[in-house]
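Take a look at the structure set out below.
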Amino acid sequence: MPRKIKVLVVDDSAVVRQTLKEILSSDEQIEVIATSPDPFAAVEKIRAQVPDVITLDVEMPRMDGITFLQKIMSQHPIPVVMCSSLTEKGSETALKALEYGAVEIIQKPRMGTKQFLEESRIRICDAVKAAAMVHVKRISEAAYTVAPKLTADAVLEKPTTHAMIETTEKIIVVGASTGGTEALRVFLEAMPPDAPGIVIVQHMPENFTASFAKRLDSLCSISVKEAESNDTVIRGRALIAPGNHHTLLKRSGARYYVEVKDGPLVCRHRPSVDVLFRSAARYAGRNAVGVIMTGMGDDGAKGMLEMKEAGARTIAQDEESCIVFGMPKEAIKLGGVDRVLSLGNIAGEAIRSCG
């Protein structure tokens, strides 16, 4: 039997520590070896036994989580999953955590809501497993038992007709998960001011995507914003799906726009890459270019195959440049990918494909 992933939970709330311990311990591949109320106590736990992954709160007494993260990464690097309540201020802080080396951000469980805890259980366990893979990247993604995964059928029926005929306007749709925040920065910074319109699903919790979009907007030649229903997909702009909402591409005449909607988890995610990609297959067809980037799991693989079958050009990030070679690998395995490229070459190829 494979060795379990050893996790240290660091959070100043006793309730949250216990909840996270129960959530993580419910997965047979994960073992919580200790919990700590602050970074100073966590150091003593690490000296006794080094964990494979640390879940870390942002706001704590004695030392904040960001400072502790910097110390971990400079002295004894261990994969860290930040666990934040993600207030408006906190989401900016969480964004900084990604810059300092955190593998993933998860939303702190809201107590008293059974459905939320069950949905967060899947995301939290997946985030910890992905983090463990970053630490030892060559370990294969082991199978694990979770609630049945819904497909994009839960939000969009399978297309029964071909997409509208080719037009002069092209669009790019992108899906990413673990490691995607940095990959998207590299991808979008390489885009010229008149780049084709872009729609992105990055697996993120609610209240985080607006700050992420704002940060990218300050770095890129194109504008970047969190998507809202009826936003037009236009040249020189990227729209990022808001956390906890599916985002679909739609078309009215020659105009492409997005619809932001609620719905069940698809491939254990909301927003789901599969939902975006299927909508692109249906409403854009050969007018679209699909890009699938670093991330754990298989969200986007089926949708990318549907895009390719509808005439779209499809690109996957290669294993060497991925933090986690999960989503691209599954899309390649299904036969939905035309080109496999390193991160630095994807933007140029996407633009050429639109030409």
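Looking only at region 332-354, filter to residues that are free of Cβ contacts under 8 Å to residues at least 40 places away in the same chain and closer than 21 Å to A238 by Cβ; which one of those is farthest from the chain's Cα centre (by Cα)? Only one residue fits best here, namely R352. Of the residues making up region 305-320, those that are touching a residue at least 40 places away in the same chain (Cβ under 8 Å) and within 14 Å of I346 (Cβ to Cβ) are R313, Q317. Scanning region 264-281 for residues that are in a helix (DSSP H, G or I) and closer than 28 Å to A131 by Cβ yields V273, D274, V275, L276, F277. Among residues that are among the hydroxyl-bearing types (S, T, Y), surrounded by fewer than 18 Cβ atoms within 10 Å (Cβ to Cβ) and farther than 19 Å from V128 by Cβ, T93 is not included.
Yes or no, residue by residue, for (1) more than 25 Å from A127 (Cα to Cα); (2) surrounded by fewer than 23 Cβ atoms within 10 Å (Cβ to Cβ):
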residue: E228; (1), (2): yes, yes
residue: D262; (1), (2): no, yes
residue: L265; (1), (2): no, yes
residue: F277; (1), (2): no, no
residue: S321; (1), (2): no, yes
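Can you name every residue in region 282-325 that is assigned to a loop (DSSP other than H, G, I, E, B) and on the phi > 0 side of the Ramachandran plot?
G297, G300, G311
Within the set V7, V43, the sole residue that is surrounded by 15 or more Cβ atoms within 10 Å (Cβ to Cβ) and without any contact (Cβ under 8 Å) to a residue 40 or more places away in the chain turns out to be V43.
Would you tally the residues in region 22-40 being in contact (Cβ under 8 Å) with a residue 40 or more places away in the chain and β-branched (V, I, T)? Going through region 22-40 one residue at a time, the tally reaches 2.
Values in this text are rule-based calculations from the coordinates and carry no lab data. Remember, predicted model here, so these are calculated numbers, not experimental data. Glycine gets a Cβ as well: all are built from the backbone with ideal geometry, and neighbour counts include every protein chain shown.
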